[in-house]
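First comes the structure, then the notes that go with it.
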Amino acid sequence: MRSLWRDRRAAFGVAVLAIVTGAAVAGPLVSSGSPTVQHDVVATRFLPPLVTDHSGSFHPLGTDRFGRDVWTRLVYGARVSLTVGVLAVLLSLVVGVVVGGVAGFWPGPVRTALLALTDFVLALPRVVLLLLLAAMARPSAVLVIAALGLTGWMSVARLVHGEVRSLAARPFVEGAVALGLSRRRVLARHILPNALTPVIVSAALGLGNAITLEASLSFLGVGVQPPTPSWGNMIASGRDTLVNAPWVAAAPGIALVLVVVACTLLGDALQDALDPTFTR
Amino acid sequence: MLAHLGTRTLVGAVVVAGVVTLTFLLVRLAPGDPVERLLGPTATPAQLAAQRRALGLDRPLAAQYAIWLARFVRGDWGRSIATGRPVRELLGDAVPATVALVGTSLILSYLLGLAVGAWQSGAGPRVDATLSVTTVTLFALPGFWLGLMLAMAFTYWAHWLPAFGATGLDANALTGWSRLADRLRHFALPLATLTLIGIGGAARFVRGAMRDVRSQAFVRTAEAKGLSPFRVTRRHVARNALIPVITLIGLSLPALFSGAVLVEAVFAWPGVGRRLVEAVQARDYPVVMAATVVTAVLVVAGNLLTDLGVAWIDPRIRRGKGET
């Protein structure tokens, strides 16, 4: 674990995520505080970055077609994107750990059925499934979380399944079973805590993935709905103004790439740190 | 090997059947009615009911499913509710466009990704770190955003390449080379978008796989025998590292099709993904179903081909001794 702090990838990942989370939490302090407010639209729209408008407010990333401050929307969009991403990953972790744990510890038809289900969902094109799920109800953040969580648990389930199976053959598990503990208790108290290390890596990688997919759905118009800013719908609204105001679409995209890179590097660093056979 | 292939085909068929059934239920359970969209807000309830009956949408779900399935396997894919065009005709234009886009980008990104990954696995720490940062960034790029940025740079600023559709407005008037050039110019940006992201993913994976193989004893033996580094890489490392890489190609197919859906939406590329997005939004049931079936079959077929590829490259599996 110590080596993790000396890993530059981990440092970069933690720093970026901390800054973005910090800015999102402290939204009103670091921005104008009102992501949807529109002033004099004609006078304030499409201001380029680093410009002060006629009323004296400064726009570090310019304004969009309604004269809304892009930096403020970016900060408030981070709230939406991060919350949706984190909750979706948590949901997929819970489903994945339960499915993988049960499949790993109960041999026979239960295992076969759960593994078949995992492989089945894994073979589905995820965006197609997301489109269909998103079409099921009025688009909203909750729906996006549910859709992402329910289509993202399979890799976790596979990891946990493998881990649980190898742990189940270890003497300390046999000992716990021999003591007369119920199988459920053995799984929950003795096996799962030991099987969760690869899940941490998967969570870091999954977060980046979930944030990208949320943006994709919002971009297609079936995710978070305007005027609530999310990075995806900001990119979508900047699409029509690429020629005269490229910063509207560029800024949220760069933020998105930074966060996803941070998640991936952090995941890679965790993987190396947690793998005892790995030497740099 | 044949038995293995048979099992895989059977599993593939089950997956396709499952996807189809799930899609059928999901689209019909979704709120929104294609008939209301078709007839518009002025339609009377009687008109709506009549149109529903004409389309068979007033029957129980199970009956609708049975009728649809029976017609579908006989080749009668119905007509699009929204446009009235036969579904087979709609998708007949779309499938080649998507296969061309996804297939070309798959080949290009793995060839280039293999080259970058192989270079990295043998390079010094500085080159390795630089390339790692590059590939991580490429891999992190959301396809739709990269597409927009490329369109901004190459279409709006440089005026070099078109960013809309598969052909220009004058495509029918062009012949010979200029026709081909028009096609290729329209192909360039969607292909570049998917390929750049693909290179990132492939190179990252290849680097890891080659590092794993390089640390094994037989590589040290090969080096100790005095083989040239190039020969060690090509004959001993690359061949073994290719097995997980080829498996990954198969596993990445669903993701690639998903990515293509968004890239097609950005560039108005007339593929299956774009048809699917439009059809889901219009609740155009026959088109959604057919597009889903086509996508699922393409993904499953791709996975089967991957299996064959692995068997071809790995003699242990080819001779039926290994296990997969």
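Could you work out how far helix B:285-313 tilts from the main Cα principal axis of chain B, as a 0 to 90 degree angle to the nearest 10?
20 degrees
Taking chain A as a Gaussian network, Cα atoms linked when under 10 Å apart, which of A:Leu61, A:Leu132, A:Leu150 shows the biggest mean-square fluctuation?
Top of the fluctuation ranking is A:Leu132.
Based on the Cβ-Cβ distance from B:Thr130 to B:Ser215, what FRET efficiency comes out when R0 is 35 Å, to the nearest 0.05? Mind dumping the intermediate values first?
On the way: r = 22 Å, r/R0 = 0.63.
After rounding, the FRET efficiency stands at 0.95.
Return the tail of the calculated pair distribution for the range B:58-210, meaning the percent of Cα-Cα pairs more than 22 Å apart. Display every interim value, and only then the final one.
On the way: 6974 of 11628 pairs.
Tail of P(r) above 22 Å: 60 percent of Cα pairs.
If I fit a long axis through the Cα atoms of helix A:70-105 and take the longest principal axis of the Cα atoms of chain A, what angle between them do I get, 0 to 90°, rounded to 10?
That helix lies at roughly 10 degrees to the long axis.
Enumerate by residue number the trypsin sites (Lys or Arg not before Pro) in the range B:225-259 meeting two conditions: DSSP loop (anything except H, G, I, E, B), and at most 16 other Cβ atoms within 10 Å of the site's Cβ. Kindly include the intermediate steps, with their values, before the conclusion.
Numbers: sites: B:Lys225, B:Arg231, B:Arg234, B:Arg235, B:Arg239; in loops: B:Lys225.
The qualifying sites are B:Lys225.
Considering the dipole of the protein assembly as shown built from charges on the beta carbon (Lys and Arg +1, Asp and Glu -1) around the Cα centre, which of B:Leu48, B:Val293, B:Leu38 is farthest to its positive end?
Going by the charge dipole, the pick is B:Val293.
In square nanometres and to one decimal, what's the mean projected area of the convex hull around the Cα atoms of the range A:1-144? Present the calculation step by step, with values, prior to reporting the outcome.
Values: hull surface 54.9 nm².
Averaging across all directions leaves 13.7 nm² for the Cα convex hull.
Once the convex hull of the C-alpha atoms of the range B:13-132 is built, how many Å³ does it hold per residue, rounded to a whole number? Display every interim value, and only then the final one.
Working: hull volume 22.7 nm³, N = 120.
Dividing the Cα hull volume of the range B:13-132 by its residues yields 190 Å³.
Which value, in debye to the nearest 20, describes the size of the charge dipole of the protein assembly as shown about its Cα centre when Lys and Arg Cβ atoms bear +1, Asp and Glu Cβ atoms bear -1, and nothing else is charged?
Working: 53 positive and 30 negative charges, 336 e Å.
In total the dipole reaches around 1620 debye.
Considering Cα pairs under 8 angstrom that are at least six residues apart, work out the relative contact order of chain A and quote it in whole percent.
Working: 433 pairs, mean separation 72.3, N = 280.
Relative contact order comes out at 26 percent.
So who's got an amide H within less than 5 Å of the one on A:Val51, skipping anything under 5 residues away but keeping other chains? H placed 1.01 Å off N, in plane.
Result for A:Val51 returns A:His59, A:Gly62.
Once label points are set 7 Å from the Cα along Cα→Cβ at both A:Ala188 and A:Ala26, what is their separation, rounded to one decimal in nm?
Each label point lies 7 Å from its Cα, and together they span 4.1 nm.
What is the log10 of I(q)/I(0) for chain B, computed with the Debye formula using one identical point scatterer on each Cα and no solvent, at q = 0.13, 0.14 Å⁻¹?
-1.08, -1.17
Using a Gaussian network model of chain B whose springs link C-alpha atoms within less than 10 Å, name the residue from B:Tyr65, B:Tyr110, B:Tyr285 with the highest mean-square fluctuation.
B:Tyr65
Among A:Val94, A:Val144, A:Val243, which one shows the biggest mean-square fluctuation in a GNM of chain A, springs joining Cα atoms closer than 10 Å?
Greatest mean-square fluctuation among the candidates belongs to A:Val243.
Hey, what number do you get for chain B at 222 nm if only DSSP H runs of n ≥ 4 count, each worth -39500 (n - 2.57), divided across all residues, to the nearest 500? Let's see the in-between values first.
Details: 13 runs with 239 residues, N = 324.
Theoretical 222 nm ellipticity from helices: -25000 deg cm²/dmol.
A:Ile200 to A:Leu179: extension gain in nm, 0.36 nm per residue of separation minus the Cα-Cα distance?
Working: separation 21, 0.36 × 21 = 7.56 nm, distance 3.03 nm.
Difference between extended and current length: 4.5 nm.
Measure nothing but the geometry: give the 0 to 90° angle between the long axis through the Cα atoms of A:197-220 and the longest principal axis through the Cα atoms of chain A, rounded to 10°.
Once rounded, one gets 40 degrees.
What is the gain in length, in nm to one decimal, between B:Leu29 and B:Ile313 on full extension, counting 0.36 nm per residue of separation less the C-alpha to C-alpha distance?
Values: separation 284, 0.36 × 284 = 102.24 nm, distance 4.54 nm.
Length difference between fully extended and current span is 97.7 nm.
Quick one: the Cα spread of the protein assembly as shown along its three principal axes, in angstroms, biggest first?
Between the extreme Cα coordinates on each principal axis of the protein assembly as shown lie 74, 66, 65 Å.
Per residue of B:246-256, what is the mean number of Cβ atoms on other protein chains within 10 angstrom of that residue's Cβ?
Working: counts 0, 0, 0, 0, 1, 2, 0, 2, 8, 4, 1.
Shielding by partners across B:246-256 averages 2.
To make sure I understand, if each residue's beta carbon is the centre and we count other beta carbons within 10 Å, what order do A:Phe105, A:Phe58, B:Phe144, B:Phe164 fall in, fewest to most? Display every interim value, and only then the final one.
Values: A:Phe105 22, A:Phe58 11, B:Phe144 28, B:Phe164 15.
So the ranking, lowest neighbour count to highest, is A:Phe58, B:Phe164, A:Phe105, B:Phe144.
Once phi is turned into ³J(HN,Hα) by the Karplus curve 6.51 cos²θ - 1.76 cosθ + 1.60 with θ = phi - 60°, what whole-Hz value does each residue of the range B:67-76 show in order, with x for glycine and proline?
5, 4, 5, 4, 5, 4, 5, 7, x, 8
FYI, it's all coordinate maths here, none of it is from the lab. Note that this is a predicted model, so its numbers are computed, not measured. All Cβ positions, even for glycine, are placed from backbone atoms using ideal geometry, and neighbour counts span all protein chains on display.
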